[in-house]
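Just so it is clear, none of the values below were taken in a lab; they were calculated from the coordinates. This one's a predicted model, so the numbers in the text were calculated from it and none came from an experiment. FYI the Cβ positions are ideal-geometry reconstructions off the backbone, even for glycines, and counts take in every protein chain you see.
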Amino acid sequence: MMTLQNKTPQILIQIQPPKTLGILGIIFGFLSIFVLAFLFVPLALLCSILAFFKKDLTNKMLASFGIIFSVIGTLTSPFLLGVIGMSWLLG
């Protein structure tokens, strides 16, 4: 006995994890190189670390760039170097 099945098309939607934290980490890290490093370095590190713990590979890559930019921002900021006691690098 043959039965007819209702064959309706099924739509599969794949939701990509948001990359907002990784992108914010890069933006804050890049800004910390040029202006207000004491404000943007902690923001970049926070966003980048949170993005690094996402399971998406793209988030991990964006987070890595955000961390690299925030380290560069720390090294180019006289204020932050003085706070962490490495002001000898400036002179």
Practice item. Quick one: which helices (runs of 4 or more DSSP H) lie wholly within segment 12-91 and hold at least 3 residues that are surrounded by 13 or more Cβ atoms within 10 Å (Cβ to Cβ) and in contact (Cβ under 8 Å) with a residue 24 or more places away in the chain? Key: 20-34, 37-52, 57-75
Study note, to complete from the structure: Of the listed residues (36, 80, 57), the one being on the phi > 0 side of the Ramachandran plot and hydrophobic (A, V, I, L, M, F, W, C) is 36
